Structures are given as C-alpha cells and as structure tokens.
1. Would you kindly identify the helices (runs of 4 or more DSSP H) lying entirely within the stretch 120-189 that contain at least 3 residues that are polar (S, T, N, Q)?
2. Select from the stretch 49-65 the residues that are in a helix (DSSP H, G or I) and either within 11 Å of Ile18 (Cβ to Cβ) or among the polar types (S, T, N, Q) (or both) and list them in ascending order.
3. Restricting to the stretch 138-183, name every residue that is among the small types (Gly, Ala, Ser), open to solvent by less than 30 Å² (accessible area, probe 1.4 Å) and farther than 21 Å from Phe127 by Cα.
4. Looking at the stretch 71-99 only, could you name the residues that are over 41 Å from the mean Cα position of the chain (by Cα) and open to solvent by less than 90 Å² (accessible area, probe 1.4 Å)?
5. How many residues are over 35 Å from the mean Cα position of the chain (by Cα), loosely packed, with under 13 Cβ neighbours inside 10 Å and either closer than 18 Å to Glu27 by Cβ or not small (Gly, Ala, Ser) (or both) if we restrict to the stretch 57-70?
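The values are calculated or read from the model by the stated rules, or taken from the named source; none is laboratory data. Everything quoted here is computed from the prediction, not taken from an experiment. Cβ: placed from backbone, ideal geometry, glycine included. Neighbour counts: every protein chain shown. Keep in mind that these areas ignore ligands, DNA and RNA; they rest on the heavy atoms of the full protein, side chains included. Shrake-Rupley method; radii C 1.70, N 1.55, O 1.52, S 1.80 Å.
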Amino acid sequence: MSEGNVKGSSESLLIERIRDGEEYAFEIAYLKYHTALCRYLWEYVRSKQVAEGIVQEVFTEVWQNRRSLNPLGHLRGFLFETARNKALDHIKHQRIVEKYISESKQKKKRKSFNKSYHREVDDYQDFREAVKKSISDLPPRGRQIYKLNREEGLTYTEISEYLDISVKTVETHMRRVLRKLRVSLSEYL
C-alpha cells in the first residue's frame, strides 16, 4: 500500500471514528491539526487570540456536526477550508465594525459641530439684539453721531460739518458712546 493510500485511509478511519462519537479520535484530530490551523489563520487575522478562537469554533462545529462528515473526505482539507471561511467572515465583520465606529465618530463630530454652530448663531443673535438695545438706550445726540459714523460711514469731520458742531465735540460724543457700549455689552466682550 502506498503512503498516500495509508494517509487517506487513516484520515478516513479518523473521520469514521469521529462520526461515531469517539472522543479519543476527535482529540487526535485536534492535537494533529490545532497548531497548523492556528499558524494558517494567523496569516489572515494577524492575531494569535483570534486565530485560536476561530480554531476552537472550527473544532466545536466539527464535533457538533460530526454525523454529517464525509467518511471518504479529507479531514485536513475540510478543517483548513472551514477555518479560512471563518477567518474571512471575521475579517468582513471587523470591517463592518470599523466602518460603524468610524461613521459613529463622524456623526458625533457633526452633531457636536451643529450644536456648537447653533450655540454660536444664538449667541451672535443675542449679541446683535443687545447691541441694538444698547444703541437705542443712548442719548439722542450720541446715538445720531454713532449712527452717522458707524452705519453711514461718515468721518468725524464730515459729521461735524453735517451737524454744524466742532470735530472735538464729535470726538467727545463718540468717546462717551463707546464707553457706554463697552459697559452695556461687557458680558459679550
């Protein structure tokens, strides 16, 4: 009998005994292929723990489904093919998990940005309202000079000519107005 036939027949005998529920035959298969399967799977998953976990799953499945093993099949090929498929499933699952984590982080960033943006918009609107109120609370002449300068873009000289007052008076009014605005808007500055 050639060596290939001896190997083939010993594997067939091992499969038959596992099918019959012989724990010793199962233990022989486990001891014979465990290390080789772990090394093989490490090439896929790059983790000793994950590889060992998958090998455990493979052997658990073999034992649970031992009745469906093909007695004429090749146990080694079956084990390696099953292990490879489980490793590929693990890799797919990891990619999905990583994608979910990445998307979740992006959603959190967007949500945080949106909250921050809305808070800034609300703060800005509050600030604008406070500015309007502070300007409306100014004395009439100060408010007029402020609006001519800041809203109309007139220079102090142009304002003095327009209102027929001195440039020094315009400067004094603007200094007082800006001081009052600084005080009333201090919480925003």
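1. The qualifying helices (runs of 4 or more DSSP H) are 167-184.
2. Initial filter on the stretch 49-65 (in a helix (DSSP H, G or I)): 49-64.
Within the stretch 49-65, Gln49, Gln56, Phe59, Thr60, Val62, Trp63, Gln64 meet the criteria.
3. Step one: list which residues in the stretch 138-183 are among the small types (Gly, Ala, Ser), which gives 142, 153, 160, 166.
So of that shortlist, the ones also open to solvent by less than 30 Å² (accessible area, probe 1.4 Å) come out as 142, 160.
Of everything in the stretch 138-183, just one residue is among the small types (Gly, Ala, Ser), open to solvent by less than 30 Å² (accessible area, probe 1.4 Å) and farther than 21 Å from Phe127 by Cα, namely Ser160.
4. Going residue by residue through the stretch 71-99, those that are over 41 Å from the mean Cα position of the chain (by Cα) are 71-75.
Across the stretch 71-99, the qualifying residues are Pro71, Gly73, Leu75.
5. 4
Table: residues versus (1) in a loop (DSSP other than H, G, I, E, B); (2) in contact with a helix residue (DSSP H, G or I) (Cβ under 7 Å, 6 or more places away or on another chain); (3) touching a residue at least 24 places away in the same chain (Cβ under 8 Å).
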site: Ser10; (1), (2), (3): no, no, no
site: Ile15; (1), (2), (3): no, yes, yes
site: Arg67; (1), (2), (3): no, yes, yes
site: Pro71; (1), (2), (3): yes, yes, yes
site: Ala83; (1), (2), (3): no, yes, yes
site: Ile96; (1), (2), (3): no, no, no
